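Have a look at the structure below before the remarks.
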2 protein chains.
Amino acid sequence: MEYRMMILGHFLVISLALNAGLLYKGYSNGKHKAQDIFSFNNECKNASLVTNRDAHIPKRTKASFSSSSSSSKALNEVIDLDHGDPTMYEKYWQQMGEKTTVVIPGWKFISYFSDVKKLCWFLEPDFENAVIRLHKLVGNAVTEDRHIVVGTGSTQLFQAVLYAVSPPNASEPMNVVSAAPFYSSYPLITDFLKSGLYKWAGDARKFKKDKPYVELVTSPNNPDGLSREAVVNQNQGILIHDLAYYWPQYTPISSPANYDIMLFTVSKSTGHAGTRLGWALVKDKEIAKKMTEFIVLSTIGVSKESQLRAAKILQVLSDTHEYNGNFKESEPFFDYSYNLMARRWKQLRNAVSKSKLFSLPEFSHGKCAFSSRTFASQPAFAWLKCEGEIEDCESFLRDHKIITRSGKHFGESSKYVRISVLPRDEIFDQFTERLCSINSL
Amino acid sequence: MEYRMMILGHFLVISLALNAGLLYKGYSNGKHKAQDIFSFNNECKNASLVTNRDAHIPKRTKASFSSSSSSSKALNEVIDLDHGDPTMYEKYWQQMGEKTTVVIPGWKFISYFSDVKKLCWFLEPDFENAVIRLHKLVGNAVTEDRHIVVGTGSTQLFQAVLYAVSPPNASEPMNVVSAAPFYSSYPLITDFLKSGLYKWAGDARKFKKDKPYVELVTSPNNPDGLSREAVVNQNQGILIHDLAYYWPQYTPISSPANYDIMLFTVSKSTGHAGTRLGWALVKDKEIAKKMTEFIVLSTIGVSKESQLRAAKILQVLSDTHEYNGNFKESEPFFDYSYNLMARRWKQLRNAVSKSKLFSLPEFSHGKCAFSSRTFASQPAFAWLKCEGEIEDCESFLRDHKIITRSGKHFGESSKYVRISVLPRDEIFDQFTERLCSINSL
């Protein structure tokens with residue numbers, strides 16, 4: 001019930017994010033003028049930018065992505081980093097030219113069915129093969145003796161797991177928990193239909209009931225980027241491992257994840273968020289079957305077009321590592337994206353250290369078994385803390401026309417905000433420049 | 001609660017359908033041998049086939065779709081007509097060659113967002129335009145002053161409406177009703193998460209409570225093909241019009257539908273079921289907004305690839321009518337599909353009249369404002385009744401290796417079954433031949 005309120009609150013956030021254009025109008029026409037709000041530090045103009053960014057990009061693509069972060073327009077623009085919209089990846093895929101172009105004739109893939117002999121009968125074999133190949137290449141998850149269930153993003157798969165593992169005739173809904181700070185959508189998704197099968201029960205660290213429960217383990221964690229293990233120490237629990245960010249551009253791959261229920265998504269691995277495609281690796285056949293049932297009842301399967309396009313992209317991604325000679329002008333995907341994330345985190349920490357009003361989490365170094373690099377995590381989100389007297393970090397940043405998501409939506413203090421590190425270069429440059437220049441309340 | 005049981009029952013059906021191969025093995029290895037089960041009437045071999053079927057198909061496509069209904073293999077095959085899988089449409093789209101081929105570069109449509117200024121921000125403008133153009137061409141729905149919400153099939157949109165119109169803080173779930181026979185998935189979809197917001201309340205004709213309710217009006221109706229109006233006569237009701245089959249190949253278009261909430265799907269209009277794409281035309285802005293919220297929480301939007309492919313296909317469909325000179329070898333889409341459905345219904349009625357164990361509904365004639373033809377409905381499903389002593393029509397037909405869906409799943413007697421009229425020619429020919437030849441218990 002109380003989350004009904006949170007849902008409304010959350011939609012305010014979504015609504016704010018989506019109406020960034022309107023918000024800007026409000027600012028420029030209303031009492032707050034840009035010059036009142038911003039106290040820019042000239043040292044920040046380009047100071048936060050890490051050079052050499054485009055060294056490896058072929059000439060033909062540079063023009064269309066040129067950054068204009070120091071234009072006067074940039075000073076007035078609302079910077080929306082509320083969602084983790086992974087447009088950062090556009091540039092890489094444009095470099096690949098036609099290699100990842102998908103072509104689908106109008107008469108193909110008309111049927112609901114992909115393979116009636118499979119447990120998950122709407123899973124396209126090409127997508128399944130591409131997923132298995134990629135996991136074997138990266139070594140981030142065990143695929144042997146696992147059932148693959150495809151979903152309309154890992155959001156749908158999370159709900160499919162809840163449906164699959166809830167006892168159908170229990171006297172009360174099963175508890176769903178995750179250690180704070182947890183992904184802000186988990187409570188909303190769990191409770192929005194007021195299901196009698198499951199209900200959100202909050203921070204896993206505070207869960208002490210002697211009852212069946214589901215614990216969500218997101219590792220690396222959204223929003224704070226930390227590696228995680230389950231925290232509830234009971235034997236009645238079912239674990240869901242959300243491994244959306246367990247890819248070598250974000251964190252060292254220590255070993256293949258080997259859990260009972262693992263969720264992945266193309267949104268955060270290749271950047272194709274608009275494709276709305278995720279997959280689950282599921283050990284137990286009955287759970288995989290019931291997840292498939294959920295997806296049949298919810299959407300009668302998953303877009304074939306999304307699966308075909310993702311199959312192509314994942315195969316080319318693997319090719320860039322295994323047959324790199326064929327990709328003369330491009331780096332292998334995970335090298336490119338690792339380097340880009342490394343530069344962005346350097347740029348972000350640089351800006352934060354100049355401003356002095358903010359802090360960021362520190363990550364310990366680890367060796368990546370995939371890349372052999374030793375590095376500290378460079379997550380898809382920055383979990384920024386406002387220091388000192390700023391109690392509502394989201395409002396504070398919104399006053400500077402930076403739209404973020406408050407820590408309170410993640411079960412944490414409003415001194416924190418979550419910020420996407422995955423926008424286009426131009427936006428990220430504007431953001432770090434503006435953040436750097438905020439040096440007084 | 002009781003629908004929990006029905007869900008399990010329904011999955012038995014799905015499971016049966018999906019394991020048709022296994023079922024066949026069971027028959028051929030088990031005690032029932034094909035020769036014991038079938039008492040074929042030789043008059044039925046080809047007697048049920050309506051000739052001239054391929055007269056208009058270009059030579060190059062004939063070979064790949066050649067029918068082999070009279071082969072001995074056909075006698076033993078399980079014929080699965082449980083789902084309305086619209087593979088019938090493949091042939092038309094293959095004739096169109098590359099005109100409906102969609103090409104999507106790997107770097108495009110990466111973002112979650114299609115148009116942040118729109119209420120439904122994940123709706124692709126190309127898809128929206130194609131939908132509006134098609135409705136204007138066919139004249140089957142008013143699009144003026146309507147919000148378009150895109151969904152992962154109309155299945156997701158139906159759930160989005162329930163979420164949107166349920167009072168958030170009501171003391172009990174809102175009642176959802178539909179006049180029997182109703183689409184078998186409605187009760188399952190409504191109840192599978194045991195939502196506290198809404199619950200299935202059965203046959204609309206029996207609904208007498210003085211409470212808020214949602215009435216689903218499916219017209220033409222699935223399963224029986226009849227045109228429908230709302231039946232509950234109260235003023236507290238919200239109507240959802242499911243118009244999946246309100247297209248001129250199935251029924252005369254009398255006038256543009258002009259309801260508050262109308263649902264459509266590409267599955268049954270163009271046949272692209274694997275695309276998982278539907279749209280809602282919604283009068284009230286707040287309802288459209290809350291439907292959008294539902295789709296964000298459920299799947300964070302809808303596959304861009306599906307929308308792009310559907311946009312292309314709908315535009316070419318409209319072109320075949322408006323610029324037919326450009327399509328020398330092909331009929332306009334709705335002429336082709338009308339003619340095909342007309343032949344199938346003739347063939348089906350022919351088979352039924354020969355067998356004498358079955359009957360079909362009769363439909364009155366009406367003039368189609370789109371095609372100017374006067375005809376009786378030729379629905380996507382046949383609502384077949386087993387006459388005489390056969391009480392369980394589904395089991396009876398299953399003994400003849402024809403998989404259908406029992407009337408009991410539609411809130412009706414098990415003397416009825418729903419049978420898809422949309423399979424490939426070969427399957428439909430096998431089906432009518434077999435049906436015709438069943439002439440004893």
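For A:S185, indicate whether it is within 11 Å of another protein chain (Cβ to nearest Cβ), surrounded by fewer than 23 Cβ atoms within 10 Å (Cβ to Cβ) and under 30 Å from A:S413 (Cβ atoms).
Taking the combined requirement at face value, the residue satisfies it.
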For this session: Scan (1) in contact (Cβ under 8 Å) with a residue 60 or more places away in the chain; (2) of a type in the set (S, T, N, Q); (3) surrounded by 19 or more Cβ atoms within 10 Å (Cβ to Cβ); (4) within 27 Å of B:K367 (Cβ to Cβ) for the single condition B:S219 breaks and write down its number.
Result: (1)
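Is at least one residue of the stretch B:80-87 more than 25 Å from B:Y186 (Cα to Cα), out of contact with any Phe, Trp or Tyr (no Cβ under 6 Å at 6 or more places or on another chain) and either part of a loop (DSSP other than H, G, I, E, B) or more than 12 Å from chain A (Cβ to nearest Cβ) (or both)? Talk me through it step by step, then tell me what you get.
The first filter runs over the stretch B:80-87 and keeps only residues more than 25 Å from B:Y186 (Cα to Cα), leaving none.
No: the stretch B:80-87 contains no residue that is more than 25 Å from B:Y186 (Cα to Cα), out of contact with any Phe, Trp or Tyr (no Cβ under 6 Å at 6 or more places or on another chain) and either part of a loop (DSSP other than H, G, I, E, B) or more than 12 Å from chain A (Cβ to nearest Cβ) (or both).
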Seminar exercise, completed: Of the residues in the stretch B:245-265, those that are within 14 Å of B:G84 (Cβ to Cβ) and out of contact with any Gly (no Cβ under 7 Å at 6 or more places or on another chain) come to B:Y245, B:W247, B:Q249, B:Y250
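A quick yes/no check of all residues on (1) among the small types (G, A, S); (2) more than 7 Å from every other protein chain (Cβ to nearest Cβ); (3) surrounded by 23 or more Cβ atoms within 10 Å (Cβ to Cβ):
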site	(1), (2), (3)
A:E77	no, yes, no
A:K91	no, yes, no
A:Q95	no, yes, no
A:I104	no, no, no
A:F127	no, yes, yes
A:N140	no, yes, yes
A:Q156	no, no, yes
Problem set entry | Top-ranked residue in the stretch B:106-117 [being within 9 Å of chain A (Cβ to nearest Cβ) and among the charged types (D, E, K, R); ranked as farthest from B:E329 (Cα to Cα)] | B:K117
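Kindly check whether there is at least one residue in the stretch A:318-327 that is charged (D, E, K, R) and within 14 Å of chain B (Cβ to nearest Cβ). Spell out how you get there, then give the answer.
Start the filter on the stretch A:318-327 by keeping residues that are charged (D, E, K, R), which leaves A:319, A:322.
Next, from what is left, pick out any that are within 14 Å of chain B (Cβ to nearest Cβ): A:319.
Yes, the stretch A:318-327 has at least one match.
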Seminar exercise, completed: Going through the stretch B:58-97 in order, the residues found to be at pLDDT below 95 and charged (D, E, K, R) are B:K59, B:R60, B:K62, B:K73, B:E77
Problem set entry | Subset of the stretch B:191-210 [at the interface with another protein chain (Cβ under 10 Å from one of its Cβ atoms) and either under 17 Å from the mean Cα position of the chain (by Cα) or not basic (K, R) (or both)] | B:D191, B:F192, B:L193, B:S195, B:G196, B:L197, B:Y198
For this session: Please determine, by comparing only the residues of the stretch A:268-295 that are crowded, with 24+ Cβ neighbours inside 10 Å and facing another protein chain (nearest Cβ under 8 Å), which one is nearest to B:E124 (Cα to Cα).
Result: A:G274
For this session: Report, by residue number, each residue of the stretch B:243-258 that is surrounded by fewer than 19 Cβ atoms within 10 Å (Cβ to Cβ) and either part of a strand (DSSP E or B) or not polar (S, T, N, Q) (or both).
Result: B:P256, B:A257
Exercise. When you go through B:K283, B:K290 one by one, which is the residue that is out of contact with any Asp or Glu (no Cβ under 8 Å at 6 or more places or on another chain) and under 25 Å from B:I238 (Cβ atoms)?
Worked result: B:K290
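Condition check ((1) within 14 Å of another protein chain (Cβ to nearest Cβ); (2) free of Cβ contacts under 8 Å to residues at least 24 places away in the same chain; (3) not in a loop (DSSP other than H, G, I, E, B)) across all residues:
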| site | (1), (2), (3) |
| --- | --- |
| A:G301 | yes, no, no |
| A:Q307 | yes, no, yes |
| A:A310 | yes, no, yes |
| A:E329 | no, no, no |
| A:R344 | no, no, yes |
| A:P361 | no, no, no |
| A:F370 | no, no, no |
| A:P379 | no, no, no |
| A:W383 | no, no, yes |
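When you go through B:S171, B:S166 one by one, which is the residue that is touching a residue at least 12 places away in the same chain (Cβ under 8 Å) and more than 28 Å from B:G274 (Cα to Cα)? Walk me through it before giving the result.
On the way: B:S171 fails: touching a residue at least 12 places away in the same chain (Cβ under 8 Å).
Sole residue among the options that is touching a residue at least 12 places away in the same chain (Cβ under 8 Å) and more than 28 Å from B:G274 (Cα to Cα): B:S166.
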Problem set entry | Scan of the stretch A:244-285 for residues that are more than 18 Å from A:V176 (Cβ to Cβ) and among the aliphatic types (A, V, I, L, M), ordered by number | A:I253, A:A257, A:V266, A:A273, A:L277, A:L281
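Any idea how many residues of the stretch A:408-425 are touching a helix residue (DSSP H, G or I) at 6+ places or on another chain (Cβ under 7 Å) and either hydrophobic (A, V, I, L, M, F, W, C) or within 24 Å of A:V176 (Cα to Cα) (or both)? Outline the logic, then answer.
Initially, the stretch A:408-425 is screened for residues touching a helix residue (DSSP H, G or I) at 6+ places or on another chain (Cβ under 7 Å), giving A:409, A:413-418, A:421-425.
Pick out the ones that are also either hydrophobic (A, V, I, L, M, F, W, C) or within 24 Å of A:V176 (Cα to Cα) (or both) and you get A:409, A:413-414, A:416-418, A:421-422.
The total comes to 8.
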Exercise. B:I240 passes all but one of (1) in contact with a helix residue (DSSP H, G or I) (Cβ under 6 Å, 6 or more places away or on another chain); (2) surrounded by fewer than 21 Cβ atoms within 10 Å (Cβ to Cβ); which number fails?
Worked result: (2)
Problem set entry | Output for the stretch B:166-182, where each listed residue is away from chain A (no Cβ under 11 Å) and hydrophobic (A, V, I, L, M, F, W, C) | B:M174, B:V176, B:V177, B:A179, B:A180, B:F182
Seminar exercise, completed: Taking the stretch B:374-399 and keeping only residues that are under 28 Å from B:G271 (Cα atoms), over 21 Å from the mean Cα position of the chain (by Cα) and surrounded by fewer than 17 Cβ atoms within 10 Å (Cβ to Cβ), one is left with B:T374
For this session: Would you be able to tell me the number of residues in the stretch B:313-338 that are under 18 Å from the mean Cα position of the chain (by Cα) and surrounded by fewer than 18 Cβ atoms within 10 Å (Cβ to Cβ)?
Result: 0
For this session: Give the residue, chosen from A:Q249, A:Q234, that is under 15 Å from the mean Cα position of the chain (by Cα), polar (S, T, N, Q) and more than 14 Å from chain B (Cβ to nearest Cβ).
Result: A:Q249
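The values are calculated or read from the model by the stated rules, or taken from the named source; none is laboratory data. Since this is a predicted model, take the numbers as computed values, not measurements. Please note: Cβ atoms are built from the backbone with ideal geometry, for glycine as well, and neighbour counts cover all protein chains shown.
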